[in-house]
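Contents: one structure, followed by commentary.
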Amino acid sequence: MTSATSNSTTSYSTTSNSLDDLDFGDHDFEDLDFVNLQFDDVDFDDLDFDDLVLDDLNFDDLEFKDFSTDGIVFDDLQFDDLDFDDLQVEELDFDDLPFDDLLFDVIGFGYLAFDDLDFTKLQFDDLDLFDPDFDDLKFEDLKFDDF
């Protein structure tokens, strides 16, 4: 049993170490604030997303009210040998997605390194971003050598 309690009476819990059936009750996350959030020396070496498929991803009625990311810093962030072979995102829909007062102030990416970043066979099928015309958009053999 994993649980966490905030300063209010809201309690979040799961019945196992899995993220399945994670219950946040009736919390609406209004005024979400990430002031001075820092990720020092984050390392994603040999991260592999072979055959990752996100079918029918839907963000209908998603709201971020007064969402603030002031002072977020990613020092020494590294993505060595990041591989997205056969990544497919089908029917991604952002229609009517409200981002009220969305702010990204003072985001720092110090010493950001993307070594051997590879998006082989990356496909976005039926991508709809407020009806733009991106018919058959594909990124094949996209590489950022010496980036």
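The values are calculated or read from the model by the stated rules, or taken from the named source; none is laboratory data. Quick caveat, the model's predicted, so the values are computed rather than measured. Note that each Cβ is placed from the backbone with ideal geometry, even for glycine, and that neighbours are counted across all protein chains shown.
Candidates are the residues of the range 81-112 that are over 16 Å from Gln123 (Cα atoms) and at pLDDT 80 or above; the one that is surrounded by the fewest Cβ atoms within 10 Å (Cβ to Cβ) is Asp81. When restricted to residues that are over 22 Å from Asp61 (Cα atoms) and over 16 Å from the mean Cα position of the chain (by Cα), the range 84-108 contains 5.
Among the residues of the range 31-38, is any out of contact with any Asp or Glu (no Cβ under 8 Å at 6 or more places or on another chain), among the charged types (D, E, K, R), in a loop (DSSP other than H, G, I, E, B) and modelled with pLDDT under 80? There is no residue in the range 31-38 that is out of contact with any Asp or Glu (no Cβ under 8 Å at 6 or more places or on another chain), among the charged types (D, E, K, R), in a loop (DSSP other than H, G, I, E, B) and modelled with pLDDT under 80.
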